[in-house]
Amino acid sequence: MRRRLSLTQRLSALVALLLIVCGAASMALQMRAGDLQAQEAIQRLSLNLARQIADNNQRVLSPDGFDANAVNGLFGMLMQVNPSVEVYLLHADGRIAAHAAAPGRLRRERVDVQPLQALWDGARLPVLGDDPRSAQARKVFSAAPLISDGRVHGWVYVVLIGEAHENLVRELIGDGVLRATLWSMLLVIALGLVTAFIALRWITRPLRELTADVRGFETKDGGAVPPQPIPMGEGPPHDDIHQLRHAFSQMTRRIVEQWQALSLRDQERREMVANISHDLRTPLTSLHGYLETLRLKDDTLSPADRRRYLDIALGQSRKVGTLAQSLFELARLEHGGIKPNRETFSLTELVQDVFQKFELAAEARQQRLVADLADSLPRVQADLGMIERVLTNLLHNAIQHSPAGGVITVRLRHHHQAVEVTVLDQGPGVPEGLRAVLFTRPAARDGWRYGPEVAGGLGLLIVRRILQLHGSDIALDDGEGGGATFRFLLAVN
């Protein structure tokens, strides 16, 4: 498998490529600029050379054109004085009339006279003209017209960088001038690469640290050990990488919190399943036993015994049904299957209605129900059926745990923009070990059942979930007479 480069390696490669391209472009531009500067210098120094030749050698003109002897003498003299230049005599239209080149060296028969006229008129240097010894090359030159009788008969055309000059340049390049330039450029590029790599390593260090943090953030042993939150790290607050690491640190803390919450919920779910399994097994075993007894001893049982067995079996069946209904209701509350249908009603009237449902149960246990209601209580806004279920569960719980002759009190008080509801009993209270988990998991298996008697300890779970749907919650306090006190608030209209 082909190995992918890291971000630092890719950035380094990109910077190296840019440095090489920029170095090559810079070298080409410098050589081009140096060449143009050299050409301008040569042309500026020799700008009047053609004019001097023309002024001092008007004798090369004859009535029939150019004097061959005079021309040959002129070329011989110039080659001796400066062999690096090449002199040509041109007709007025640019045709080459005479030259000193060896036979077969010329590649052009005509020179464009427009650059010559531009140079004579004072154009900006360097001005390039055609090189007669090359089909494509253009070189700096000096030019002057040959004037007779007020008319231009031809041009003196001097190529300032001739073949001899070019051959000398090639020898210099061969001797190492170009190689020295290339090595200098390569040294600059190498130093630039080293500097860029060090800078990139320094710039990307926070990103590498963040990458290490991300790779290290994982659960261990299949999720049995919670991950640890990533520290915030240090750095300038305006730095993008620092801000990213700060955001990632916050995200890891949130994930750890959610992981712990999910672990707790999973533990609660397992305990609930165990509790529900235990509560289902007891009535089902009893129901099965009495039905089996009825079948096996049907011929020997008296009508009274048969009715007693049937009543017990029906009672156990009702327990199973009530437990199943509680589970179904809790599941709907937990997963949003039930939404509060808010309406405005009197909480005082609702308490009186709920008391009527429990009057017989309280009398049977020689208990007394007391409604401690404040005057002029405002009406509350909530789901009437859900709040009735809350009061029903709490009162049923209080009756089950209060001793004979005990008093169960429901107190209503105005509390800012809400009504505070308090349910007090005179029972043994809630064991200390159950207080932390009283509203989060069933506790029937712990030897203390709360909520409806066959609800498997689901009563307070349902109460709390209903109140949470109303934007409230329930709290447990020590009872005034040694029992338990449950409090919650309901918003007023």
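Put in line by how crowded their Cβ is, counting other Cβ atoms within 10 Å and starting with the fewest, 408, 462 read 462, 408. Footprinting exposure proxy ranking of 357, 339, 139, fewest other C-beta atoms within 10 angstrom first, gives 339, 357, 139.
Proximity of backbone amide H atoms, modeled 1.01 Å from N, is registered between residue 483 and 427 at under 5 Å, excluding neighbours fewer than 5 places apart on the same chain. Please find the FRET efficiency linking residue 31 to residue 265, where r is the Cβ-Cβ separation and R0 is fixed at 56 Å, and quote it to the nearest 0.05. The computed FRET efficiency comes out at 0.15. Sequence-ordered 3J(HN,Hα) estimates for the stretch 142-147 from the Karplus curve with 6.51, -1.76 and 1.60 and θ = phi - 60° stand at 10, 9, 8, x, 9, 10 Hz, glycine and proline given as x. Karplus-derived 3J(HN,Hα) values for the stretch 283-294, using 6.51 cos²θ - 1.76 cosθ + 1.60 with θ = phi - 60°, are x, 5, 5, 5, 4, 5, x, 5, 5, 5, 5, 4 Hz; glycine and proline are entered as x. Residue exposure proxy: 422, 211, ordered by other Cβ atoms within 10 angstrom of their Cβ from fewest to most, comes out as 211, 422.
In this structure, the amide hydrogen of residue 111, modeled 1.01 Å from its nitrogen in the peptide plane, lies closer than 5 angstrom to those of 95, 96, counting only residues at least 5 positions away or on a different chain.
Residues whose amide H lies under 5 Å from that of residue 473, counting only those 5 or more places away or on a different chain, are 489; hydrogens are built 1.01 Å from N in the peptide plane. Among 88-96, 387-395, sorting by the average number of other beta carbon atoms lying within 10 angstrom of each residue, highest first, gives 387-395, 88-96. Applied to the stretch 409-417, the Karplus parametrisation 6.51 cos²θ - 1.76 cosθ + 1.60 on θ = phi - 60° returns per-residue 3J(HN,Hα) values of 10, 10, 10, 10, 9, 6, 9, 6, 9 Hz, with x for Gly and Pro.
Each reported figure results from applying straightforward, stated rules to the coordinates on display, with no laboratory input. Given the structure is predicted, the values throughout are model-derived calculations rather than measurements. Positions of Cβ are backbone-derived with ideal geometry, glycine not excepted, and every protein chain shown enters the neighbour counts.
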